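In what follows, a single structure is set out as structure tokens and then discussed.
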Amino acid sequence: MLLLLTPRYHALRNRLTRLAPGDGVKTIVLGLLGVGFWAFMYGVSFKVLTYFRTIEGLGDLLALRLLSMILLTFFSILVFSNIVTSLSTFYLSGELDLLLSSPVRIESIYRAKFIETLMDSSWMTLIYGLPVFIAYGTVFKAPLFYYAGLAFTIIPFLIIPAAVGIIVTMLLVNAFPARRAKDVLVLLGLLFFVVLYILFRMLRPERLVDPEAFPTLVQYLTAMRGPVSPLLPTSWATEALSPLLKGSRGETVFYQLMLWSTALAGLVIGEWTCGRIYYKGWSRSQEGKRAKLSRSRSADAFFRLVSAPFRGKMRAVVLKDVKLFFRDTSQWSQLFLLFALMVVYLYSFKLLPLERSPMPTFFLQNLISFLNLGMVGFVVSAVAVRFVFPAVSLEGESFWIIRSSPLPLKEFLWAKFWSSLLPLLVLAEVLTVLSNTLLKVTPFMMALGIVTVLLMTFGITALGVGLGAVFPRFKVENAAQIPTGFGGIVYMLLTMIFIGVVVTLEAWPVYRIFTAQTMGKHISPSGWFGIGFSFVLVLIINIAALFLPMQEGLKRLKQREI
């Protein structure tokens, strides 16, 4: 098993020791961003837990309830992540042809692939979770043995979802070919996450910090207790950590043994399952699948309709991108997740307790509408970093075909821009109009929101396409890995700065115009000059965000060797 893990070790060591020119700067930047994120997560957790502990009689109960919800969230993410990861490591990895034809016991292959799956699917959750657990120890002033108990609890907590995910994947691949099973997994997983997320939002967990929202204390305590099952490993982890936070051991050992016994049982059951059905499933994973989508007449009509606004060579590029998008299930299936986020985002506006604020409701509605411009921009940029930024990189190693074709690179980039802009524009305007309708804002704020979001979407899309051309990753097999590189981080930082500058420049003129309309005040000529100057600056910044990234991306692509 250790011999099978040796290539992974050498690959990791080479990445750290054999840095290409410029990789050192990227590593430092990413390290600083990681430290900043850790500090942010720790600071937010510390503030929330400190506030909870000030609530007499209920503070500790709220904090432990939050810990249970965090562990439940992590566990759900880990199960789904392990299912998707194990499909690649156990069935779609390129080295399996060599391993399965060599005199290596299947048990050794299972254990090595188990460790690979565990590492690939759990490291991100573990890193994000550690600042939260450390904040718990700091706020509760836990002794040192809390941190030792935390390590002893987290290890089996990570092993259990890995064992469950691998077993589920093996059973699923024996029912479907592995490549179809991947599509089924992505669809079912996203649908499950969508339903779970919407139901979680409908429960309105923010009410738990407001006992006055419940008619009686009994109803409040009932809401605090559910929905937690004592049969879930998350409950065992909570019960194992709770006494340690308070400086006592209680039944910590019992619940830790529950976690470890379940984790070891999962390893044994997984190894037994692997010995029975793995070879059969791997053989089925070599089967292909027919691309029915490209042969469908209705699909042909849809593709012609989508590409109708474009002409000539640009239409060919757009048509190719749309077809590739819908052929890759991992791409278009994320639209379900996007729809769920939109529903929850808009539903949150309906739940805003505006009437309980000391500020006038009318003023607060329009203030939230203005701040919502930044939120819509962040939502659009989050979608763009997943779908727009990888647009150039998705050409892959066949990019040389684009370079050798009679299609100018300028037209190629602008085709990527226009095909990405239209869906983003629909998303941004729908969020803006519906949220402002729910807030019942003035016509001026509605018009301002529509125009500002329109301009920002042009800039966000151009930044995505342009920076995607500046930092292309043509050799990445999984499209989801493209935004996780240095270029994706630069894109998110620049879009946040861009959105922040636009909203900041509009703040003062919008306040002057809004107060003049609501309070009947007159704006002096110098005031109108300042307002006009601010809006002109906003327009200039949006134009710069539209053309400068596209020009820089075109320049880098022309200089790139193929």
*Candidates SER81, SER68, filtered to the one that is modelled with pLDDT under 80 and of a type in the set (Gly, Ala, Ser)*: SER81
_With modelled with pLDDT of 85 or more, among the aromatic types (Phe, Trp, Tyr) and within 29 Å of the chain's Cα centre (by Cα) as the only criterion, which of PHE533, PHE498 stands out?_
PHE498
*Any residue in region 29-42 that's farther than 14 Å from LEU493 by Cβ: show its pairings with residues that are open to solvent by 70 Å² or more (accessible area, probe 1.4 Å) at Cβ separation under 7 Å, as long as the two are six or more apart or on different chains.*
MET41/TYR128
*Working carefully through the options GLU395, GLU411, find the one that is acidic (Asp, Glu), open to solvent by 50 Å² or more (accessible area, probe 1.4 Å) and in contact (Cβ under 8 Å) with a residue 12 or more places away in the chain.*
GLU411
*Single unsatisfied condition, PRO103 versus (1) modelled with pLDDT of 80 or more; (2) assigned to a helix (DSSP H, G or I)*: (2)
_Conditions (1) in contact (Cβ under 8 Å) with a residue 40 or more places away in the chain; (2) within 30 Å of GLY34 (Cα to Cα); (3) part of a helix (DSSP H, G or I); number of the one not met by GLY449_ = (2)
_Contacts under 8 angstrom Cβ, first residue in region 107-128 being under 14 Å from LEU267 (Cβ atoms) and in a helix (DSSP H, G or I), partner open to solvent by 20 Å² or more (accessible area, probe 1.4 Å) and charged (D, E, K, R), 6 or more apart_ = GLU107/GLU271; TYR110/GLU271; ARG111/GLU271
*Might you let me know whether region 482-499 holds any residue that is farther than 30 Å from PHE325 by Cβ and touching a Ser or Thr at 6+ places or on another chain (Cβ under 8 Å)?*
no
*Does MET456 meet the test of being open to solvent by 20 Å² or more (accessible area, probe 1.4 Å) and either in contact with a helix residue (DSSP H, G or I) (Cβ under 6 Å, 6 or more places away or on another chain) or assigned to a helix (DSSP H, G or I) (or both)?*
no
*Could you say which residue among GLY466, GLY396 is assigned to a helix (DSSP H, G or I), farther than 21 Å from GLU506 by Cα and either polar (S, T, N, Q) or at pLDDT below 85 (or both)?*
GLY396
*asked:* ARG201 - would you say it is over 30 Å from ARG249 (Cα atoms), modelled with pLDDT under 55 and in a helix (DSSP H, G or I)?
replied: yes
*Out of PRO423, PRO390, PRO406, which single residue is in a loop (DSSP other than H, G, I, E, B) and open to solvent by 50 Å² or more (accessible area, probe 1.4 Å)?*
PRO406
*Members of region 399-421 found to be among the aliphatic types (A, V, I, L, M), at pLDDT below 85 and farther than 17 Å from LYS555 by Cα, listed by number*: ILE401
*asked:* Residues that are on the phi < 0 side of the Ramachandran plot, crowded, with 21+ Cβ neighbours inside 10 Å and either touching an Asp or Glu at 6+ places or on another chain (Cβ under 6 Å) or assigned to a helix (DSSP H, G or I) (or both): does region 470-479 have at least one?
replied: no
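The values are calculated or read from the model by the stated rules, or taken from the named source; none is laboratory data. Keep in mind it's a predicted model, so treat the numbers as computed, not measured. Here Cβ is always computed from backbone atoms with ideal geometry, including for glycine, and neighbour counts include all displayed protein chains. SASA here: full protein model, heavy atoms, side chains in, ligands and nucleic acids out. Shrake-Rupley method; radii C 1.70, N 1.55, O 1.52, S 1.80 Å.
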